[in-house]
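The next block holds one structure in the form of structure tokens; read it before the comments.
The values are calculated or read from the model by the stated rules, or taken from the named source; none is laboratory data. Since we're looking at a predicted model, the values are computed, not measured. FYI the Cβ positions are ideal-geometry reconstructions off the backbone, even for glycines, and counts take in every protein chain you see.
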Amino acid sequence: MANQIGDFFAPYPPERAREGLRNHLRTYWDPRMRSALLAHIDAGGEGLDEGVIEGASLLRESAAEKSGYYGPPQA
């Protein structure tokens, strides 16, 4: 499922794609799903596209570093 979300954001510029994927995961995925995804990435991320790994890894940033807007990537 994460790769399908990554495919949706693939046409965006790289930074916007990573932020869009992170925002989608933060907004719509249950915290347990996010934790499982990050654990899978920590174990090597087999089967995940590189953009998905990069975007999901942004979830680790503290709320203070990336507070504010959580919707689709802004223009």
Evaluation of Asp30 against (1) modelled with pLDDT of 95 or more; (2) under 14 Å from Met1 (Cα atoms) (one fails), failing number: (1)
Matching residues, region 16-35, being exposed (fewer than 12 other Cβ atoms within 10 Å of the Cβ) and either assigned to a helix (DSSP H, G or I) or among the hydroxyl-bearing types (Ser, Thr, Tyr) (or both): Thr27, Tyr28, Pro31, Arg32
Identity of the residue in region 1-15, among the aliphatic types (A, V, I, L, M) and in a helix (DSSP H, G or I), that ends up surrounded by the fewest Cβ atoms within 10 Å (Cβ to Cβ): Ile5
Single match in Ala10, Ala17 (criterion: in contact with a Phe, Trp or Tyr (Cβ under 6 Å, 6 or more places away or on another chain) and over 16 Å from Arg60 (Cβ atoms)): Ala17
